[in-house]
Every structure is written in C-alpha cells, then in structure tokens.
Ligand code: SF4
C-alpha cells in the first residue's frame, strides 16, 4: 500500500498545474514568509541553538542505532503502565488493528487528533469502509476534511485556503458532518474559530473513542507526547473512554532528558514559539482519570527499510516541524498537493520515496523536486542533510542498485524513463575521458553552432520545455586559453591534449 495518494501523477505534472494557480501561490507566499520570519526571530533568541541542533541530531542517531532496544523498552513500559502495544508491519496491518479495536468498543464514530501517521496509512478511508466515521478535530484538518481535500503543509494543512474559501466550506459542508455553521457566518477569523469550536464541542462530548498520533514516545516511562496549539488534541486525549495511538517507530526517545532537547527545538522551528501552548503527556491508563483503555500501535511501514540505508536513514530524525517547507523555493511555488502524499516539501521529497521503496512514478520523480539550494538543511533543527539524501535517491532512480525492500536486500532496477539520461551520461563520461574526441566535438559544435535547435528533440524535449539550450560559444575555453596565453602557456587544468611544451602532442595516457 503506497504512502502516496491514489492516482497522483508524477511531481512535474502536478506542479505544472499548481504553479499556474495564482491564488494558491499568493496564499503560500504570504504564509510561508510570515512563518519563516517569525521563526528566524525565535531561533535567534537562543545563543545555544547550534549546540541544541547538534544534540537533537545525536540523540536521534543514537536512538536509531539501538532502535530495537528502545522499542522493546517502550513496550515494557507501556504495558507496565496499563496500556497494550500492537506492532504493525505496514499500513494494511495498522488499519486492520485500529478497525478491530474500534469495533470491539461497539462505537461507530471516533474523534481524531491531528496525526500524520494516520494520514500516511489512509486510516480515515479504512475506517469509512468499515462503517466507522472519523472526525478530525484540529481546525486546519477539519477544514481539509470538510473540503474533501488533502493537507498541503505539515503544520498548517489548509495553508492553501484563504479565509473566504474556509467560510464557504463551513457554510456548505459543516451541516453534513454535524452541527451546521451559524447563519450569516463571515470570514472574520474569530467567527470562523467560533463556528469550528461549536461544531467540534459536540463531537468531543459524544465521542467514546479517540485516535491520535504522537510527536514523541519516551522509552524509559512509556509516556507519549503530543504538542499542539489549539487544545483540541487534549480534549481527544482525555475525554474518550478508549484511546488508540498510531505512531511511527522512529518517534521513540530514550529518556525525559532527551525529550527536553526536542521540546526546545520543535516549537521554535515549527510555530516560532518558545514553547507549545499545549504539551500533553500520558502514560498508560490511570484509574478515574482519562481513557480507561489505551492501545499503542507501533507502525513500521517502510521505516526499517529506510533505517537500513546508510545515507537515507538520517531522514528518520525528522520531528515534522515543517521549517524546511517554509524556506523551500520549490514548495512555495508548487504547493503541497504536488508532492502527492501527506508529506510535502523537502522532507516529503526524501521520506515518501523511501517509505514506498520507490515503487511508483511519483516516488521516482520526488527526489527531483528540488533546486538543491540547501536552505532546507540550514533550517532543519535535527540537521538532516536533505540535499545529500536527494542526490543519493536520484542515483538510485537513474542507476538502480541494492536497497532493502520489505526487509529483504533487493536489487532495484533503474526507474523507467531514465534510459536516455543514462546513455547521455555514459557518452559524456567517455568523451571527457578521451580529450581528442572532446576537442574534435568542440570544434564541430563551434562550426555548427548556428544550426543548433532551440528545443531538443525526442527524450531531450522535456529538458528544454523549461530551459533554453545553452548557446555554443564561437571559441572553446581551450582555444581562448591558447590564444590569450600564447602557444607556450601551461595547459589549463584538465587539458591533457596540450602538453606543457604547447605542441599538443601529449596523448591521453589512460
Ligand atoms: S526535515 Fe527537518 S526541517 Fe523538515 S520537517 Fe523534518 S525536522 Fe523539520
């Protein structure tokens, strides 16, 4: 089961449509710049930000190196605290477990805390097929759900919507899901928030089952942590009788001391706040307080395959702060939907293909959804070198190689559509290895330069759809060098056709 949404085209096709949407681009430009500027101020307040960032990366790396140990410790702690732990190897198994648990309660409705893991596995759709309605309670997720839409940002899932659009969605759709929007609802933020509050309050008070994700899990005590801004999550975590949390296995941290590092890194990087307005923690069950039943579903779904990849494993450090989205020039123009999964932006470009084992055309296109400018790496609070992983994944797309897929070491074939690129690169490599051929080719290109087409034919057409073919200069660099420095000048670096004596007699010695 793919992490990507059903029927999504490769990134360039989706981006071609979204980049033409001026309203979307305007919304994104305004929102990402605002968050970006606020974040810069919040981070600048901490003199030891760089040390914190290093600590965050090191804690994550250490935990991932001993993930088996910490997960077993977590399971023992959760069980000792009265919870039940379930292991899900993939999305299908996770959905089956959650559906069974909800059925066992006899309920037909659940309330949900914002959770990317449940979006990743398509839990709402799986529950709907079983006749169970799942209600999103995060304001932005509610807008997305009522609009029959997909999230387009990690932190602000409805970032692509402006206030007028949200008012229209509330007016048209709220009544179908529960309490309708008040008469004469305007697009004033306070009125929109009040409409959502009234609508959701009903859901909270009636719900017997809550479903959540978690930002972190503390192995030493079996504690789960959710950070949020609205308090709706806390209602879901405390009011229902049964709580089911679906969490990726990489979210474990060994101790509370380790958690302390991330509770400083995450709010400043995501919402530009010194601390999150609501930090909810829970450990198993407690008599007469909160849910009486607690189930933790530990989700793999491609994470151990990712962990097996020496370069790609750093992706699992991600704490989903969304800082990389807000600085990415590609995300700002293409928007989140073009990435075709719950994980948009630079993190989506490396996480989705790895979780999916690069199985779809969309997966193979995502590592190219970047200019490799490196801004995402600079921003990342856990120092994930996203450009390094992008280049690594591009190599896998073009060359194939070995990778771990569903726990098995597998030979991966190159993705379709890259044969011409591979052939062109081999030809270039051979030519650069044979300077006489290169020199002859340069001379020929200079003479024929006026005949060069502006657009390339065949497989090269896609490249020139968005670029001009570079003009061939009348004189090559080597000829310019020889003309301006004289025939006795030393050869420019790498020119093995021209000897130090300027005779041009030295031959390629390879
Ligand atoms: S990759 Fe880094 S910057 Fe991007 S969401 Fe993850 S932690 Fe945040």
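Just so you know, all these numbers are worked out from the coordinates, no wet-lab data involved. Since this is a predicted model, take the numbers as computed values, not measurements. Quick reminder, even Gly has a Cβ in these numbers, built from the backbone with ideal geometry, and neighbours come from all protein chains shown.
Of 300, 433, the sequence from fewest to most neighbouring Cβ atoms within 10 angstrom is 433, 300.
Projection of the Cα convex hull of the range 1-85, averaged over all directions and equal to a quarter of that hull's surface, yields 10.8 nm². For the pair the range 1-57 / the range 168-217, the C-alpha centres are spaced 26 Å from each other.
Entry for the chain at q = 0.06, 0.11 Å⁻¹: log10 I(q)/I(0) = -0.35, -0.97, Debye formula applied to identical alpha-carbon scatterers, no solvent contribution. Relative to the longest principal axis of the Cα atoms of the chain, the long axis of helix 22-44 makes an angle of roughly 80 degrees. Ranked from largest, the principal axis spans of the Cα set of the range 302-368 equal 33, 26, 17 Å.
Answer rounded, prolate or oblate for the range 87-143, using the Cα gyration tensor with square roots of eigenvalues a ≥ b ≥ c: rounded when a/c is under 1.5, else prolate when a/b is larger than b/c, else oblate. Since a/c reaches 1.5 but b/c is at least a/b, the shape of the range 87-143 is classed as oblate. Would you work out if the range 1-49 is rounded, prolate or oblate? Take a ≥ b ≥ c from the square roots of the eigenvalues of the alpha-carbon gyration tensor; rounded if a/c is under 1.5, else prolate when a/b is larger than b/c, oblate otherwise. Cα axes put the range 1-49 in the oblate bin.
What is the range 231-285 by shape, rounded, prolate or oblate, if you read a ≥ b ≥ c off the alpha carbon gyration tensor as root eigenvalues and call it rounded for a/c under 1.5, prolate for a/b larger than b/c, and oblate otherwise? Oblate shape, in that a/c is at least 1.5 and b/c is the bigger or equal ratio.
Averaging the Cα positions of each part gives two centres, and for the range 256-327 and the range 433-452 these lie 56 Å apart. Summary value for the chain: 18 percent relative contact order, contacts being C-alpha pairs under 8 angstrom separated by 6+ residues.
Take the alpha-carbon centre of the range 130-162, take the same for the range 95-112, and report the distance between them in whole Å. Taking the Cα centre of the range 95-112 as reference, the centre of the range 130-162 is 20 Å away. When the helices of the chain are scored as -39500 (n - 2.57) per DSSP H run of n ≥ 4 and the total is divided over every residue, the value at 222 nm lands at -14500 deg cm²/dmol. With the alpha-carbon atoms of the range 335-394 aligned to their principal axes, the span from lowest to highest coordinate is 29, 23, 19 Å, starting with the largest. Helix 49-65 and the longest principal axis of the Cα set of the chain meet at an angle near 80°. In the range 11-303, inverting the average of 1/r over every pair of distinct C-alpha atoms gives 20.3 Å as the Kirkwood radius. Panel order for 114, 208, by other beta carbons found within 10 Å of each beta carbon, from fewest to most: 208, 114. Overall shape of the range 419-485 was characterised from the C-alpha gyration tensor. The equivalent ellipsoid obtained from it has semi-axes of 24, 17, 9 Å, in decreasing order. Rounded to the nearest 10 degrees, the inclination of helix 256-270 to the longest alpha-carbon principal axis of the chain is 70 degrees.
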